[in-house]
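Okay, structure first, notes after.
The values are calculated or read from the model by the stated rules, or taken from the named source; none is laboratory data. Keep in mind that what you see is a predicted model, and the values were worked out from it rather than measured. For neighbour counting, all protein chains shown are included, and Cβ atoms are generated from backbone atoms with ideal geometry for every residue, glycine included.
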Amino acid sequence: PSGFGDTSVFLPGVSIDCVVIGFDLKQLQILLLKLKEHDLWMLPGGFIRLDEDMDQAATRILEERTGIKLPYLKQFHTFGDVNRRDKTKFPEVKQIQEDDFKRLIAFIEQRFISSGYLSLVDIRSCAPTPDALSDQCTWQAAKKLPQLLYDHKEIVEKAMEQLRSRINYMPVGYSLLPEKFTMKEFQTLYEQILSRSLDRGNFQKKMLKLGFLERHEKQLTGGAHKAPYLYSFNEKRYNELVKQGIGYIS
């Protein structure tokens, strides 16, 4: 949760959980918070203030945790299972003043319906920042996540399903890759999302044919191997194709 204290400023019974996805050029990463005093991790999340819209709350929470303003952020699912919090209990955190903690627990142990938001961010532009209940905010490999609070594992799995099924309609390359990248890095990103290998020649041919990549001159490396070409996105063309459905993966 994003902060605590006077819980009367929040809408009761509704929360937000954000699955923030990054890419370190080798594998997908998920941004997680580690609960103070416990080896238990959770998704960035929080509550909705009485004077803000749900999307505004999600944007605020993401900015607090990542330092990024207006990232790619989309609501993807609502989690309302009556037993969704039974998998783990919120453990005591002694570093928090007892009265504050009791007030917080009394609030969060009510039944909550959570709105899941999926965010795609450039890991190199992100400044992970813990909240009041956590002592770490770090990237964890999507394929090897630690123990998560409540139903957060299922929330991550649902977000990954959404990413795979909507890959043609999400700006995955533009949001997750650096400004300039190699074709191999671009292909690796798609392979990590789809969890399968793609033919190198076929991938390059199809992506270049779509016309949203701009190739840059090779950099002199002085090494024995030829440097690969670097590419960047033609933002206008890329956004047009995302709206239509990029069409590479069927």
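Miscellaneous remarks
- Filter pass, Glu92 being modelled with pLDDT of 95 or more and either in a loop (DSSP other than H, G, I, E, B) or of a type in the set (A, V, I, L, M) (or both): no
- The residues on offer are Arg111, Arg103, Arg124, Arg166, and the sole one that is among the basic types (Lys, Arg), under 19 Å from Glu63 (Cβ atoms) and either at pLDDT 80 or above or outside the structural domain of Phe233 (by TED's automatic domain parsing) (or both) is Arg124.
- Residue ranges of helices (runs of 4 or more DSSP H) in the range 145-197 with at least 3 members under 14 Å from the mean Cα position of the chain (by Cα) and under 19 Å from Ser119 (Cα atoms): 152-165, 172-176
- Breaking point among (1) surrounded by 18 or more Cβ atoms within 10 Å (Cβ to Cβ); (2) at pLDDT 95 or above, for Met54: (1)
- Selection count where residues are farther than 19 Å from Gln162 by Cα and not polar (S, T, N, Q), scope the range 63-80: 7
- Set side by side, the residues Leu220, Leu208 differ, and just one is in a helix (DSSP H, G or I) and either at pLDDT 95 or above or not hydroxyl-bearing (Ser, Thr, Tyr) (or both), which is Leu208.
- Among the residues making up the range 130-142, those that are over 14 Å from the mean Cα position of the chain (by Cα) and assigned to a loop (DSSP other than H, G, I, E, B) are Pro130, Asp131, Ala132, Leu133.
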